[in-house]
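Structure record follows, encoded as structure tokens.
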Amino acid sequence: MENSRNSYTNTSVTRDNEGKRINSTNSTNKMVNENPKKRELEQINEQINILNAQKFKTIGSLDSIKANKEKDLRKSSGFIDELNILHDVITSSTIGFTVYALFFFFFLSIELFVVTIKLFDKASDYDKLVNHQTDVRMKMLERLNV
């Protein structure tokens with residue numbers, strides 16, 4: 001960013017009684033004004049430096065958190081640990097417990113539905129076919145033994 005320069009030239013002329021030019025002097029005043037964009041640029045650079053420092057600090061903390069979590073995951077990976085984590089998640093909030101209970105009762109009801117259908121169901125065609133095949137093979141084995 002360049003500074004703006006203003007120059008003012010004053011000319012003074014000395015004349016005699018007849019109006020002829022005897023002497024002339026030129027004086028030039030130069031003023032240098034600071035560019036207003038320069039101040040804005042400095043403020044923006046300061047903000048960028050602050051944000052970069054915050055970014056590096058955040059990246060560092062994320063890296064340390066990631067390293068700690070990886071260490072924790074490598075440390076405990078058994079089934080009992082997973083059950084403990086599941087228990088902690090379920091008991092930490094009522095929403096978690098409610099969702100878990102809904103899923104549990106949904107799948108339990110599906111299984112109980114299948115079991116009750118099988119209990120009160122009469123023999124199906126498949127069952128009859130399996131029984132017939134079993135009888136035929138038993139008869140074939142009896143014929144071989146005779």
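Here are some notes:
To keep it simple, each residue is scored yes or no on (1) at pLDDT 90 or above; (2) of a type in the set (A, V, I, L, M, F, W, C).
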| residue | (1), (2) |
| --- | --- |
| 62 | no, yes |
| 70 | no, no |
| 76 | no, no |
| 113 | yes, yes |
| 137 | yes, no |
| 142 | yes, no |
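- Annotation note: Cβ proximity below 6 Å between a residue of the range 121-146 that is surrounded by 10 or more Cβ atoms within 10 Å (Cβ to Cβ) and of a type in the set (Phe, Trp, Tyr) and a residue that is modelled with pLDDT of 85 or more and not in a helix (DSSP H, G or I) (sequence gap 6+ or interchain) occurs for no pair.
The values are calculated or read from the model by the stated rules, or taken from the named source; none is laboratory data. Treat the numbers as computed from the prediction; the structure is a model and nothing was measured. All Cβ positions, even for glycine, are placed from backbone atoms using ideal geometry, and neighbour counts span all protein chains on display.
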